[in-house]
Amino acid sequence: YGQYMQMIGKRPEDYLSVPIQPSAMRRMRLALRDCLEKNMKILIAAGANVNKTDLRGIPSLYRIAQYGHPEIVKLFIAAGANVNQTTASTGASPLHIATSMGHTEVVKTLIAAGANVNKSQKYGYTQV
């Protein structure tokens, strides 16, 4: 927690003060929370893995779709994010969460990028 607090309010370049290793996901989550496209561009340019999952098995693109930021979704897709990557616990995809949260622009972006509209979660739910 202290490490998160130390990074708040710093310049985007400061998120990269530590080599891209285990803490890369933490910096990516900070940038996601702050919803700053500039931070995401810096992290991707520095080699951040756009298909990385957090400790709970939740992919980065899933989180971005959950927060409803189509521009950052497009940025991740352009960097090679897997639009059909699912969460470890429920098998939900970025399209599942964007649909359930009502993020229409994110839904359109994911479908245009090839998201599987017929994919079901582990509990059998689909987007339709």
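The values are calculated or read from the model by the stated rules, or taken from the named source; none is laboratory data. What you see is a predicted model; the values in this text were computed from it and never measured. All Cβ positions, even for glycine, are placed from backbone atoms using ideal geometry, and neighbour counts span all protein chains on display. Ligands, DNA and RNA are stripped out before the accessible areas are found, and what is left, the full protein with its side chains, is counted by its heavy atoms. Shrake-Rupley method; radii C 1.70, N 1.55, O 1.52, S 1.80 Å.
Can you give me the relative contact order of the range 44-128 as a percent, contacts being Cα pairs under 8 Å and 6 or more apart?
On the way: 126 pairs, mean separation 22.6, N = 85.
Reported as a whole number, the value is 27 percent.
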query = With each pseudo-label sitting 7 Å past Cα toward Cβ, what's the residue 46-residue 105 distance in nm, one decimal?
reply = 2.6
remark   = Applying the gyration tensor rule to the Cα atoms of the range 47-128 (axes a ≥ b ≥ c; rounded if a/c under 1.5, else prolate if a/b exceeds b/c, else oblate), the class is oblate
task = Please give the residues of the range 65-91, grouped as numeric ranges, whose backbone N is less than 13 Å from a label point set 7 Å along the Cα-to-Cβ vector of residue 116.
result = 83-87, 91
query = Taking the Cα-to-Cβ direction at residue 89 and at residue 71 and moving 7 Å from each Cα, how far apart do the two end points lie in nm?
reply = 3.1
task = Of the listed pairs 74/122; 52/108; 74/108, which have alpha-carbon separations greater than 19 Å here?
result = 74/122; 52/108
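For the range 39-112, which whole percent of the accessible surface, found with a 1.4 angstrom probe, sits on carbon and sulfur atoms? Let's see the in-between values first.
Numbers: 1720 of 3210 Å².
It is 53 percent, rounded to a whole number.
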